[in-house]
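These notes concern the structure reproduced below.
The values are calculated or read from the model by the stated rules, or taken from the named source; none is laboratory data. Worth saying up front: this structure is predicted, and the values here are computed from it rather than measured. As a convention, Cβ positions derive from the backbone with ideal geometry for all residues, glycine included, and neighbour counts pool all protein chains shown.
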Amino acid sequence: MGSFSMLDKHEQWLLDLARRVCGALSDTGIDYRMVGGMAVFFHVDMLDPIAARLTPGVDFAIERVDLPVVAQAVRPLGLELGYDRGLNVLAGTVYDRVRTVGHLVFVREKIRSGYCEAVPDFSQPTVTPEGFLLASVTDLVRMKLTSNRIIDKVHLIDMDGVGLITPEIENALPEALRQRLQQVRDEERQSAGAE
């Protein structure tokens, strides 16, 4: 029973973090989209709560010019901006230890110089029942395929598994990203023993 209560505690902590940060950004008039694993969690959760995976933190896409305002907005929440492994991060104390609790990426800019695509510009958000502004599935798919790390592939599998990656989304991808999506699907079929 202990591990289930830890999962509940972590989920509640993530929801509280998202609520506080989204509230602070909205209160200061900063346009944002929740991106990353937590955005995938909410999209998947809306269709199949059992298929939704927790993530370690909450990531946001913002305008670069808003970074100083974000720093001021999150400070009263006990969060500080930092820089780790080439990324802007939100850091705070979690379970008695200072940790990265989220990342900040900038719309229309590449997260890493070698990436084939930039973070998509703000599009119409998906609004959760809690009022969080999520990046669209289309934007998340592009970002996950661009990053192409193992965790990104897992998030793509989760979205694909509940039918979020539609033929329209797939057909709108550039060829290089379409090939990556097919590779993710092939690897998933192989790991599931379907081939």
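Against the list (1) buried (at least 16 other Cβ atoms within 10 Å of the Cβ); (2) over 18 Å from Tyr32 (Cβ atoms), the condition Arg178 fails is (1). Taking segment 114-135 as the range and being without any contact (Cβ under 8 Å) to a residue 60 or more places away in the chain and either β-branched (Val, Ile, Thr) or within 15 Å of Phe41 (Cβ to Cβ) (or both) as the test, the residues that pass are Val127, Pro129.
A single member of Val65, Val58, Val44 is under 24 Å from Tyr115 (Cα atoms), β-branched (Val, Ile, Thr), at pLDDT 95 or above and under 17 Å from the mean Cα position of the chain (by Cα), and it is Val58.
Among the candidates Ala18, Ala73, the residue that is within 19 Å of Phe132 (Cα to Cα), small (Gly, Ala, Ser) and in contact with a strand residue (DSSP E or B) (Cβ under 9 Å, 6 or more places away or on another chain) is uniquely Ala18. Select from segment 37-51 the residues that are of a type in the set (Val, Ile, Thr) and crowded, with 18+ Cβ neighbours inside 10 Å and write down the one among them that is farthest from His103 (Cα to Cα). Checking each candidate, the answer is Val44.
Using the structure shown, decide if Arg20 is more than 17 Å from the chain's Cα centre (by Cα) and of a type in the set (D, E, K, R). It is false that Arg20 is more than 17 Å from the chain's Cα centre (by Cα) and of a type in the set (D, E, K, R). Counting only residues that are more than 19 Å from Thr126 (Cβ to Cβ) and either surrounded by fewer than 16 Cβ atoms within 10 Å (Cβ to Cβ) or under 13 Å from the mean Cα position of the chain (by Cα) (or both), how many does segment 154-166 have? Total satisfying the criteria: 1.
Residue under question is Glu170, and the condition is that it be in contact with a Cys (Cβ under 9 Å, 6 or more places away or on another chain), over 19 Å from Gln190 (Cα atoms) and either assigned to a strand (DSSP E or B) or not polar (S, T, N, Q) (or both); does it hold?
Details: in contact with a Cys (Cβ under 9 Å, 6 or more places away or on another chain): no; over 19 Å from Gln190 (Cα atoms): yes; either assigned to a strand (DSSP E or B) or not polar (S, T, N, Q) (or both): yes.
Considered against the rule, which asks whether it is in contact with a Cys (Cβ under 9 Å, 6 or more places away or on another chain), over 19 Å from Gln190 (Cα atoms) and either assigned to a strand (DSSP E or B) or not polar (S, T, N, Q) (or both), Glu170 comes out as no.
Determine, yes or no, whether Thr93 is loosely packed, with under 15 Cβ neighbours inside 10 Å, outside any helix (DSSP H, G or I), out of contact with any Ser or Thr (no Cβ under 8 Å at 6 or more places or on another chain) and not aromatic (Phe, Trp, Tyr). Yes: the conditions hold for Thr93. Tally the residues that are touching a strand residue (DSSP E or B) at 6+ places or on another chain (Cβ under 6 Å) and either surrounded by fewer than 20 Cβ atoms within 10 Å (Cβ to Cβ) or hydrophobic (A, V, I, L, M, F, W, C) (or both), restricting the search to segment 52-61. Residues flagged as touching a strand residue (DSSP E or B) at 6+ places or on another chain (Cβ under 6 Å) and either surrounded by fewer than 20 Cβ atoms within 10 Å (Cβ to Cβ) or hydrophobic (A, V, I, L, M, F, W, C) (or both) within segment 52-61 amount to 3. Taken over segment 96-150, the residue count meeting the criterion of being in a helix (DSSP H, G or I), farther than 16 Å from Asp160 by Cα and touching a strand residue (DSSP E or B) at 6+ places or on another chain (Cβ under 8 Å) is 0. No other residue among Arg142, Arg112, Arg97, Arg85 is within 20 Å of Leu177 (Cβ to Cβ) and modelled with pLDDT under 95 apart from Arg112. Here Asp48 does not qualify as charged (D, E, K, R) and closer than 14 Å to Phe132 by Cα.
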